[in-house]
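Undergrad: I'd like to ask you about the structure that follows.
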Amino acid sequence: MKLTKAILAGIFCLSLGNAYASETTKLEHYILRYESGDSYDIQLTSSTITWTGVEGSDTGLTETDSIKRKMLSNDVEIIQWNEKSTAFVTLVLDRPHLKVVSSGKIAGDDWLNYGVIEEKNN
């Protein structure tokens with residue numbers, strides 16, 4: 001009887017582990033192209049952004065930061081984070097219109113950029 005209970009407990013634990021292991025983190029992948037000439041390859045999860053500068057002033061730079069996300073409507077979202085450079089960034093993604101607005105502040109500088117979103121397939 002003890003052996004049967006141990007086997008059943010083991011199967012139960014394995015099935016729980018497989019259920020959690022099968023959950024995958026949703027990854028969103030975009031190219032953001034701004035009117036300023038800057039472009040960024042960004043990858044978003046529920047809690048992080050990884051951005052890479054592909055054109056403009058941040059070309060070749062890459063960073064992963066923790067983010068806070070809030071849906072403003074079904075398809076418009078605001079995302080905020082602090083970069084390691086101490087820049088505070090706010091990003092508004094308007095998915096139905098493929099538009100992006102980015103604003104940021106760092107000591108001695110701030111910006112407000114408009115651009116377009118290109119969705120990337122992973």
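Undergrad: Using the Cβ atoms and a cut-off under 13 Å, what net charge is assigned to the surroundings of Ser57, where Lys and Arg are +1 and Asp and Glu are -1?
TA: Working: positive: none; negative: Asp38, Glu55, Asp58, Asp109.
Its environment carries a net charge of -4.
Undergrad: Turning to a different aspect of this structure: In the stretch 23-53, what GluC sites (Glu not before Pro) fall in a loop by DSSP, with at most 13 other Cβ atoms inside 10 Å?
TA: Details: sites: Glu23, Glu28, Glu35; in loops: Glu23, Glu35.
When the GluC sites (Glu not before Pro) of the stretch 23-53 are filtered for loop state and at most 13 Cβ neighbours within 10 Å, Glu23, Glu35 remain.
Undergrad: In what sequence, highest mean first, do 41-48, 55-62 appear when ranked by Cβ atoms within 10 angstrom?
TA: Descending mean neighbour count gives 41-48, 55-62.
Undergrad: With the cut-off at 1.5 for a/c, could you classify the stretch 25-119 from its C-alpha gyration tensor as rounded, prolate or oblate?
TA: Values: a/c = 1.33, a/b = 1.21, b/c = 1.10.
Rounded.
Undergrad: Report the full-extension gain for the segment Lys70 to Thr86: residue separation times 0.36 nm, less the Cα-Cα distance, to one decimal in nm.
TA: Details: separation 16, 0.36 × 16 = 5.76 nm, distance 2.14 nm.
The span from Lys70 to Thr86 would gain 3.6 nm if fully extended.
Undergrad: Here is a follow-up. For Thr48 and Asn113, calculate 0.36 nm times their separation in residues minus their Cα-Cα distance, and state this gained length in nm to one decimal. Intermediate values should be presented prior to the final figure.
TA: Working: separation 65, 0.36 × 65 = 23.40 nm, distance 2.12 nm.
Full extension from Thr48 to Asn113 adds 21.3 nm.
Undergrad: Then there is this: Over what distance in Å are the Cα centres of the stretch 75-110 and the stretch 54-73 separated?
TA: Each part reduced to its Cα centre gives a spacing of 7 Å.
Where a number appears in this text, it was derived from the coordinates with a stated rule and is not lab data. Values in this document were obtained by computation on a predicted structure and should not be read as measured data. Methodologically, a virtual Cβ is constructed for each residue, glycine included, from the backbone with ideal geometry; neighbour enumeration extends over all protein chains shown.
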